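Report on one structure; see the data block that follows.
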Amino acid sequence: MNVVIALTITGILNLFGSIFSYRKITPLLSIIGLTTAIVFNSMYWNTNQSFFNHMMVVDNYAVAFGTVCMVLAACLIIFYNRFMGDNDHHLPEVLSVIVLSVDGAIVMVSYTNLLMLFLGVEILSISFYILAGLKKKDLGSNEAAIKYFLMGAFSTGFLLLGITLIYGATASFDLSVISEYVKLNSTSTNYLLLSGVLLILVGLLFKVAAAPFHFWTPDVYQGAPTIITAFFATVGKIASFGAFYRLFQMCFSPIVNEWSGVIMVVAIITMFIGNITALQQKNLKRMFAYSSIAHAGYMLLALLSHDYLGGNAILFYSIAYGISSMSAFIIIHIIQTQTGTDEAMGFAGLVHKNKTLAMITAISMLSLSGIPLTAGFFGKFYLFSSAIESGYVLLVCLAVINSFIGIYYYFKPVIESYFKDSITDDVIKLKSVETILLIFLSIATILLGIFPGLVPAI
Amino acid sequence: MTDLVWLVPLLPLIGFIINGLGFGKISKNTAAIIGCGSVFLSLIIVAGIFYEDLGRGGEAVQKTYFTWITAGNLSIDFSLLIDRLSIVMMLIVTGVGLLIHIYSVGYMHNDVGFGKFFAYMNLFMFSMLVLVLGANYVMLFIGWEGVGLCSYLLIGFWYKNREYTAAANKAFIMNRIGDLGFLLGLFLIFKTFGTSDFQRVFSSVQSFSSGDITITLITLFLFIGAMGKSAQIPLFTWLPDAMAGPTPVSALIHAATMVTAGIYMIARSNIMYALAPSTSEFVAVVGALTALMAGFIALTQTDIKKVLAYSTVSQLGYMFVALGLTAYSSAMFHVMTHAFFKALLFLGAGSVIHALSGEQNMRKMGGLRKHLPITFITMAIATLAIVGFPPFAGFFSKDEILTAAYSHSMFLFVILSLTSVLTVLYMFRFFFLTFFGEFRGTKYQIDHIHESPKSMTLPLLILMVLSAVGGGLGIPEALGGKHFLSEYFNHVFGGNTRIQSHEVSHFFEYGLMIISMVLIILIYQFTKQRYDKKVIGKSVEELKMSLWYKLSLNKFYVDELYDKIIVKPLNGMSNFFFNSIEKKVIDGAVNGSGQTVYFLSSMLKSLQSGNIGFYVLMMVIGIVAILFFSLINTITL
Amino acid sequence: MNSTPIDFFPIVIQFFVAAGFVGITMFATHFIGPKLNTRKKLKPFESGVQSVGNARQPFAIKYFLTAILFVLFDVEVIFLYPYAVNFLELGMSGLITMLLFMGLLLCGLIYVIRSGALDWE
């Protein structure tokens, strides 16, 4: 499969960047590699090919999610290079790890075998543990890495145990065999299978940061370097949801009644914990960590839908959420380097320092809170309507209440940047590449908010 | 060219973006070139489309670009419909629009908001083109709202004047009332047909019987929308106030294009309206009454633009009568000729106002024919066109509507004839007060009086030619002519089998023409005697007014009436709600729930202790809870 | 296999009995047994050798690095055994796959050596 091969080669080439002294061109190399992979990936559209002895199938779902992950990763690499590149001694290695983790994301969205799911999750997670601890001399960063690693390893155990139990029940790792088995035996409860499903559920709920498996998120998001946090919050979450939806929709939908209750309760708790705790956070990175928990809660709704609508909804939401949180975190990073604080008051008077940046902040916050004419609105709209079609009216009502709570804290940075006076009067100057990329992300947000049909149906 | 149709609305949009973003940064010349150029390119494409359509023989083409919104079974496409109705509307919008854009270059030259003005104008062009090109009711609605927004922005263009912004608000609110009706109609269409696509709606509506209650309701709701946008009773009071905007805006939006959106919409939905005879009846009666009332009010107005505004309302009434009588092609004919001569009248009035440094009161004008020769000639033609003197444009289109009314009902015919007489009266009054007699303004004005620059007079001359010969497209058979326009529209309206025939005897038509000509000449003499004088009668205050005069001058007290029965009670109610319910009940509830949430937030925050052992413990508790929950769940299943 | 909630009752009883047994024995021994804590008893016991110094002594990080690298490459070599067993059956494609695999490992080794992870000083 060309995409995986291209990404792996890019990763290895990057790795040798500092040894064979071509570290200067490694960012370019990564972008070229990712672009090639994106091109390869889009050529698989509508082909439905299977690879590696039917371990992976590249259907439209995989192509769509894979492209989203790779585009976001490419944006991230550009930002990383522009903001950190000059000071980072380990630039080639970091880029290599990022590219290889995207490899994991690709595997996670196109697997048809539980072993591949496990491999994908591990490739992604182990890269993330390393990335979280990038700032070797920073205590917070170290704390984030070790916490993430310990808890991640713990949850991986459950994932693996779940896979084992499912193998015990169905005698196969292959999703098609498992789904056949589940279909045939959906009338009575098979406890071995159900325990496996629930344990896999636990493992994946941890990855998407759903309550009560979310405790790592705020600490890790705050401790990790901000740009890397952007990577966790976007690519990590989208790939995990890609894997989540694929497994549960393909295999376990016949016994939806046996696990939908768990998802419902978890979704409700997640939304409330995420939104309510975010209200009191002063640190913006922490606030966005809770916001990403809340978003995971919304996205869990899509898992409950009975038909194809859920897949489209989760794809659209992923794109909307990915774009907006990417720009939100990047702006936090810019503010952080300029004012030295990552609290909301760092945004004070942003409009006087850099109008474009204030505008982009406003757009991405509006999108995250789901105000119409932004992509976030249609993301929520599709998610909620897919859940309503499946009959979860009460759940959607609670989700709507949560969206309202969310507006409060999303508007904090906007209010700060437009209506407060700044501490310093320094003008924030950005290089053209960053500005163009940020503006591009904002335009995409607006465009998708006006023409949601631009995202193709999968 | 037909493949390029997407460029037609897009080009003005690009113009808007450049002018809007670059406002204050790009020079006035560049802004003017971008503003006019984008419309000009659109016009070229539209002309190409028109030519290709002639070759194709009028077959409708629908271009679907992408699915705009999908939600469940509902799917709305971004698609454009090119048929002869939309082509004619596009030609009017881009053609007249281009002339007015060029005119604005001269008119607005000294304004600080020059670039902003062109940005808004281009946005208006975009919205209007989306309105006429959209292939479903939702696209039409988007354009409908877009033109409403631009109208609001442009009426309040000189936003520092409170009265102007109030007028803008009034226009916006009145339009919103109409839009509510439109939206209800739209929802009902979705509910009944499951789609909003014109072609699909119109093909499935054929299975309904005439007078079906659902269709009647839909058409009625849509007509409420049209009442707001096209200023009909009872929602007409915003249009005269909308004259607060710059004069080119009045010409483009409030005379030639936007206000005819309601007529376009009903003509577009002709199949539905023909199926709802009671709605059609209602449309005709409302149109006739509006025509009469507005004509009567126009008789006594002294503001040059207000006279024209009421005249527009009155002419729109004519068009609605035609629509109500299922004479759709006559209505479109009048839309076209009206666009020519009314745009010309407004632009001419703008030229006068420009020459007199902003004076709008006709009592302080007079004798301008010597000072503004080009404006005078063009206005003379426009006046003859609107009063319906042969062979100018208004004669043919009005004549068609009058004969249609005669063939249908005596009542409508009498009202329309009366309105015609009123039209002649107020137009000649307007004409003589402005251009004849002696100048009654200040010394300063007479010193600074000047003919307008070329960029303003050129559009006037072009529009004059169009007003003079535009009627040639629809010469009635009685005069041995050929009705090109109704043949042209045969592809659009021909499929509608329920259109009634409006045949009348040729003898009647001759009679009508002769009588109207004689009347016009008589009234010309009458008004000439009355107003072509050095001194105009007493001012309004000294005049001993008859009841009718008072009614006309005060616009039938409609504004006051609305103020009494709607605005005041609403204000009272909102005060009550604000003071008792909002402040106590709602604020209390909101603040209370806010505080509760905040309290919860601090509770939850303390859970996040940072202790990894605790985190793992919570995870384990979570897992146990999930397993236990599922166990119970499966047992009870 | 029709089971009613009542059929699970024995399981519940067993659950309580098991939990009770564990709890009671733990607490009971705690209270019943004699407690004699001497200095020698509390000392860490390691094969009879007297313990010297603190166990939490800092090590040079290089030991870990070397140890980890050893484990890493050692574990990968395990894949060579099944390949050796199936050498003939897998044929040419197996050889290419294996070469690719070893090539990737070699890349890792080159990286390790060139980046100086094995330089002791």
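The values are calculated or read from the model by the stated rules, or taken from the named source; none is laboratory data. Worth saying up front: this structure is predicted, and the values here are computed from it rather than measured. Cβ placement follows ideal geometry from the backbone for every residue including glycine, while neighbour counts extend to all protein chains displayed.
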inquiry  = It is to be established whether one or more residues within region B:150-158 are under 16 Å from B:PRO9 (Cα atoms) and either within 14 Å of chain A (Cβ to nearest Cβ) or modelled with pLDDT of 85 or more (or both).
reply    = yes
Among the candidates A:THR226, A:THR270, A:THR217, residue that is β-branched (Val, Ile, Thr) and under 30 Å from B:THR70 (Cα atoms) = A:THR270
task = Scan region A:413-430 for residues that are assigned to a loop (DSSP other than H, G, I, E, B) and within 27 Å of the chain's Cα centre (by Cα) and jot them down.
result = A:LEU430
Some residue of region B:436-447 being without any contact (Cβ under 8 Å) to a residue 24 or more places away in the chain and closer than 24 Å to B:LEU519 by Cβ = no
inquiry  = Take B:PHE396 and tell me if it is in a helix (DSSP H, G or I), surrounded by fewer than 24 Cβ atoms within 10 Å (Cβ to Cβ) and not acidic (Asp, Glu).
reply    = no
ask   = For region A:264-297, what are the residues that are more than 9 Å from chain B (Cβ to nearest Cβ), touching a Leu at 6+ places or on another chain (Cβ under 6 Å) and crowded, with 24+ Cβ neighbours inside 10 Å?
value = A:ALA267
query = Quick check: is even one residue across region B:379-392 out of contact with any Lys or Arg (no Cβ under 8 Å at 6 or more places or on another chain), among the hydroxyl-bearing types (Ser, Thr, Tyr) and touching a residue at least 60 places away in the same chain (Cβ under 8 Å)?
reply = no
inquiry  = Just to be sure I understand the filter: pairs with C-beta atoms under 9 Å, separated by 6 or more residues or on different chains, first member in region A:166-187 and of a type in the set (Asp, Glu), second member in a helix (DSSP H, G or I). Which pairs pass?
reply    = A:ASP174/A:LEU114; A:GLU180/A:THR170
note = Taking region A:352-390 and keeping only residues that are more than 20 Å from A:PHE329 (Cβ to Cβ) and away from chain B (no Cβ under 14 Å), one is left with A:HIS352
query = Hey, among C:PRO5, C:PRO34, which residue is surrounded by fewer than 10 Cβ atoms within 10 Å (Cβ to Cβ) and either within 14 Å of another protein chain (Cβ to nearest Cβ) or not basic (Lys, Arg) (or both)?
reply = C:PRO34
message = Need pairs with beta-carbon distance below 6 Å; first residue within 11 Å of A:LEU350 (Cβ to Cβ) and within region A:327-339, second modelled with pLDDT under 90 and among the aliphatic types (A, V, I, L, M); sequence gap 6+ or separate chains.
response = A:GLN338/A:ILE428
query = Restricting attention to region B:104-134, which residues are of a type in the set (A, V, I, L, M, F, W, C) and closer than 20 Å to B:ASP179 by Cβ?
reply = B:LEU123, B:PHE124, B:PHE126, B:MET128, B:LEU129, B:VAL130, B:LEU131, B:VAL132, B:LEU133
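Quick grid of which residues meet (1) assigned to a helix (DSSP H, G or I); (2) within 10 Å of another protein chain (Cβ to nearest Cβ); (3) in contact with a His (Cβ under 7 Å, 6 or more places away or on another chain):
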| position | (1), (2), (3) |
| --- | --- |
| B:PHE556 | yes, no, no |
| B:PHE578 | yes, no, no |
| B:SER609 | no, yes, no |
| B:LEU631 | yes, yes, no |
inquiry  = Quick check on region A:417-440. Is at least one of its residues within 19 Å of A:ILE334 (Cβ to Cβ), loosely packed, with under 15 Cβ neighbours inside 10 Å, of a type in the set (A, V, I, L, M) and within 14 Å of chain B (Cβ to nearest Cβ)?
reply    = no
request  = Sort out for me the helices (runs of 4 or more DSSP H) sitting completely within region B:255-304 that have 1 or more residues that are closer than 29 Å to B:ALA349 by Cα.
outcome  = B:261-268, B:277-298
ask   = So, of the residues in region A:204-248 that are under 17 Å from A:ARG286 (Cα atoms) and of a type in the set (D, E, K, R), which turns out to be nearest to the chain's Cα centre (by Cα)?
value = A:LYS237
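Going through C:ILE68, C:ILE78, C:ILE96 one at a time, which residue ends up being within 20 Å of A:THR8 (Cβ to Cβ) and out of contact with any Asp or Glu (no Cβ under 8 Å at 6 or more places or on another chain)? Step through it out loud before you land on a result.
Numbers: C:ILE68 fails: within 20 Å of A:THR8 (Cβ to Cβ); C:ILE78 fails: within 20 Å of A:THR8 (Cβ to Cβ).
Of the residues listed, the single one that is within 20 Å of A:THR8 (Cβ to Cβ) and out of contact with any Asp or Glu (no Cβ under 8 Å at 6 or more places or on another chain) is C:ILE96.
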query = From the list B:ASP3, B:ASP111, B:ASP53, which residue is within 24 Å of B:LEU153 (Cα to Cα) and acidic (Asp, Glu)?
reply = B:ASP111
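Being within 13 Å of chain B (Cβ to nearest Cβ) and not polar (S, T, N, Q), is that true of even one residue in region A:241-255?
Among the residues of region A:241-255, at least one is within 13 Å of chain B (Cβ to nearest Cβ) and not polar (S, T, N, Q), which makes the answer yes.
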task = Return yes when A:VAL220 is at pLDDT 90 or above, touching a helix residue (DSSP H, G or I) at 6+ places or on another chain (Cβ under 8 Å) and closer than 22 Å to A:VAL182 by Cβ and no when it is not.
result = no
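Would you mind finding the one in B:SER407, B:SER357, B:SER417 that is surrounded by fewer than 19 Cβ atoms within 10 Å (Cβ to Cβ), assigned to a loop (DSSP other than H, G, I, E, B) and either of a type in the set (Ser, Thr, Tyr) or in contact with a Pro (Cβ under 7 Å, 6 or more places away or on another chain) (or both)?
On inspection, the qualifying residue turns out to be B:SER357.
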query = Quick one: is B:ILE626 at the interface with another protein chain (Cβ under 7 Å from one of its Cβ atoms) and not acidic (Asp, Glu)?
reply = yes
query = Is it true that some residue in region A:251-272 is touching a Gly at 6+ places or on another chain (Cβ under 9 Å) and at pLDDT below 90?
reply = no
query = Tell me, which residue of region A:397-406 that is buried (at least 20 other Cβ atoms within 10 Å of the Cβ) and among the hydrophobic types (A, V, I, L, M, F, W, C) is nearest to the other protein chains (Cβ to nearest Cβ)?
reply = A:ILE405
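Which of the residues that make up region A:174-208 are within 30 Å of A:THR277 (Cβ to Cβ) and within 12 Å of chain B (Cβ to nearest Cβ)? Can you show your working first?
If we filter region A:174-208 for residues that are within 30 Å of A:THR277 (Cβ to Cβ), which is where we start, we get A:197-208.
Once the filter is applied, which keeps residues that are within 30 Å of A:THR277 (Cβ to Cβ) and within 12 Å of chain B (Cβ to nearest Cβ), region A:174-208 yields A:VAL197, A:LEU198, A:LEU199, A:ILE200, A:LEU201, A:VAL202, A:GLY203, A:LEU205, A:PHE206.
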request  = Return the only residue of B:LEU81, B:LEU11 being free of Cβ contacts under 8 Å to residues at least 40 places away in the same chain, buried (at least 17 other Cβ atoms within 10 Å of the Cβ) and under 27 Å from B:TYR137 (Cβ atoms).
outcome  = B:LEU11
ask   = Any chance region A:365-376 includes a residue that's part of a helix (DSSP H, G or I) and surrounded by fewer than 21 Cβ atoms within 10 Å (Cβ to Cβ)?
value = no
inquiry  = I'm trying to understand the selection: among the residues of region B:326-344, which are of a type outside the set (A, V, I, L, M, F, W, C), in a helix (DSSP H, G or I) and more than 16 Å from the chain's Cα centre (by Cα)?
reply    = B:TYR328, B:SER329, B:SER330
